[in-house]
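**Student:** Pasting a structure below so you can have a look.
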Amino acid sequence: MARLHRENYGVYGLQKMHALLRRQGWNVGRDQTERLMRAAGVRGVRRSKRLFTTKSDPRQTLPHELVKRRFTAEGPRKLWVADVTCVATWRGFAYVAFVTDVYSRRIGGWNVAAALKADILPLQALDMAAWAADGNLAGLIHHSDHRSCSSALVYTERIVALDATPSTRTVGDSFDNALAEAVNGLYKTELVRQRSPWRTDEQVELATLEYV
């Protein structure tokens, strides 16, 4: 267990460690995993408060909010959530976009860029997720926050062109995109803070590739 914990950034808590042990073939229960973690002296890392780096454009007409905090799906490619976070480097901020499938909880698309532009950052993450899904997004709801980068016209038009339906959370309510923000939180907790300081956005990109 100590070896597996080290091999996974030394950040896994009870839930992830239990799932990892089961995948490794160990017939172990959740309570037993908790006891063994305590005996081995391993524990998960704690999250910190979130830093907000972007804001919405109040003049822009946004897509309707279709999810209503129901972060469940009957199958893959039914509901995706997307969000953008940032990593401080010696050169400035590296911005990171993730697109996550709600059904599998898997990151289907991601991108790292030095500029917070809709046609560079989230759009490429969306295209990666669409490519992994063979471009078959008919009936998919794509849910993102209200910030200007992920709600830009070029981004929403791309969602519609893929036969998906855009959805945007309400302003000032982080719970309306809670799953996407949870992905960001894990990323910051399990990777970003564990390996800081970061020198360049290229270094962040390579580490994010390994993490995903």
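The values are calculated or read from the model by the stated rules, or taken from the named source; none is laboratory data. Predicted, not measured: the structure shown is a model, and the values here were computed from it. Counting neighbours? That spans all protein chains shown, and the Cβs are built from the backbone with ideal geometry, glycine included.
**Student:** State which residue is nearest to Leu116 (Cα to Cα) when the search covers only the range 88-101 and only residues that are in contact with a strand residue (DSSP E or B) (Cβ under 6 Å, 6 or more places away or on another chain) and surrounded by fewer than 22 Cβ atoms within 10 Å (Cβ to Cβ). Can you show your working first?
**Tutor:** Initially, the range 88-101 is screened for residues in contact with a strand residue (DSSP E or B) (Cβ under 6 Å, 6 or more places away or on another chain), giving 89, 93-101.
Then keep just the ones that are surrounded by fewer than 22 Cβ atoms within 10 Å (Cβ to Cβ); that gives 89, 93.
Working: Thr89: 15, Phe93: 9 Å.
Residue satisfying both the conditions and the ranking: Phe93.
**Student:** Can you tell me which condition Thr170 does not meet? The list is (1) in a helix (DSSP H, G or I); (2) modelled with pLDDT under 90; (3) of a type in the set (Val, Ile, Thr), and all the others hold.
**Tutor:** Failed condition: (1).
**Student:** Can you spot a residue in the range 31-44 that is surrounded by fewer than 13 Cβ atoms within 10 Å (Cβ to Cβ), of a type outside the set (D, E, K, R) and at positive phi?
**Tutor:** Pass one, the range 31-44, residues surrounded by fewer than 13 Cβ atoms within 10 Å (Cβ to Cβ): 31, 35, 38-39, 41.
Next cut, of a type outside the set (D, E, K, R) only: 39, 41.
In the following step, the residues that additionally are at positive phi were identified as 41.
Yes, the range 31-44 has at least one match.
**Student:** Inside the range 67-82, can you point out the residues that are modelled with pLDDT of 90 or more and not small (Gly, Ala, Ser)?
**Tutor:** Pro76, Arg77, Lys78, Leu79, Trp80, Val81 - these are the residues of the range 67-82 that are modelled with pLDDT of 90 or more and not small (Gly, Ala, Ser).
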